[in-house]
Amino acid sequence: MCRSALLFVDVQKEFFKGGALAVPGAEGIIGPCNRLGEAFFQANRPVFACRDWHPREHSSFSKYPPHCIQGSTGAELHPELNTDGVVLVDKAYRPEDTGMSAFGDGKLTQMLKMLVIKDLYVVGISTEFGVLETVMDALWLEINVFVVAEGIVNVSGDTGDKAIADMVKAGAQFVTVEEALSKLPKVRVMATE
């Protein structure tokens, strides 16, 4: 049986209301993310969360406002995201590293190979940037990728739609939360006296 894992991409304070790079509607993904996270934990499947973890002199700050600076409040995962048992994966933590993929430094690749993960479910922010790059890298690694539609948010409609079309063309499958949950093994609840 294929082992599956869940990946939260950049569900960090900086990308929500009040953050330096707030994405409109981002709050709407927290509920779906938590439902999936809880189900994956109960099914004994790993859950990862990648986060931008930029040094103060990060090269992307010439193009974007400073964001997700190492140790800052904005770099923290959203406080309503249930992170119990989540394995953190930092990315773009060197000044010259502007990659947005969770697979950037190879650590996530090694962990997924070690755990024999064949199916990766992806949610997060934003469709056009972190999600797109992560999904494309996972597909290149010959991992089956399932993007959970209610768990992603676009910076804009046009660019988000293009990113979705690009991911589908490359082989990603888009599923609903319910479809993702239906693929997990059913957990038996032990009766208590």
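Structure above, values below:
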read-out: Sites excluded, trypsin sites (Lys or Arg not before Pro) in DSSP loops with at most 11 other C-beta within 10 Å, longest stretch of the chain; value: 64-185
read-out: q = 0.11, 0.14, 0.22 Å⁻¹, the stretch 95-184: log10 I(q)/I(0) [Debye, one scatterer per Cα]; value: -0.30, -0.48, -1.13
read-out: Size of electric dipole in the stretch 5-51: Cβ of Lys, Arg +1 and of Asp, Glu -1, about Cα centre, debye, nearest 20; value: 60 debye
read-out: Stokes-Einstein translational diffusion, the chain - Kirkwood Rh over all Cα pairs, 1.567 mPa s, 4 °C, in µm²/s; value: 77 µm²/s
read-out: Spin-label model distance (nm) - Asp97 vs Val168, 7 Å beyond Cα toward Cβ; value: 3.3 nm
read-out: Residue-span extension gain [Lys63 to Asn34] - 0.36 nm each, minus C-alpha spacing; value: 7.2 nm
read-out: Loop sites in the stretch 1-91: GluC sites (Glu not before Pro), DSSP, at most 11 other Cβ within 10 Å; value: Glu57
read-out: Charge context of Gly19, other residues only, Cβ under 15 angstrom, K/R +1, D/E -1; value: -3
read-out: With 5 Å bins from 0: P(r) over the stretch 1-105, alpha-carbon pairs, percent; value: 2, 13, 22, 23, 18, 12, 6, 3, 1, 0
read-out: Residues whose placed amide H lies under 5 Å from that of Ile152, excluding near-sequence neighbours; value: Gly124
read-out: Size of charge dipole - the chain - debye, nearest 20, with Cβ of Lys, Arg +1 and Asp, Glu -1, no other charges; value: 420 debye
read-out: Normalised convex hull volume, the stretch 24-82, alpha-carbon set, Å³ per residue; value: 100 Å³
read-out: Calculated from backbone phi, Karplus (6.51, -1.76, 1.60) coupling profile of the stretch 138-151 in Hz, x at Gly/Pro; value: 4, 5, 4, 7, 6, 9, 6, 10, 10, 8, 8, 4, 6, x
read-out: ³J(HN,Hα), Karplus 6.51/-1.76/1.60, whole Hz, each residue of the stretch 24-41, x for Gly, Pro; value: x, x, 4, 4, x, 8, 4, x, x, 4, 5, 4, 5, x, 4, 5, 5, 4
read-out: For the chain, share of DSSP beta bridges that run antiparallel, in % to the nearest 5; value: 5 percent
read-out: Length released on extending from Glu27 to Met114, taking residue separation times 0.36 nm less the Cα-Cα span; value: 28.0 nm
read-out: Förster-model FRET efficiency, 22 Å R0, Trp140 and Lys183, C-beta, rounded to 0.05; value: 0.45
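Read-outs throughout are calculated quantities, based only on the coordinates presented, and are distinct from any laboratory measurement. Please read these numbers as outputs of a predicted model, since none were measured by experiment. All Cβ positions, even for glycine, are placed from backbone atoms using ideal geometry, and neighbour counts span all protein chains on display.
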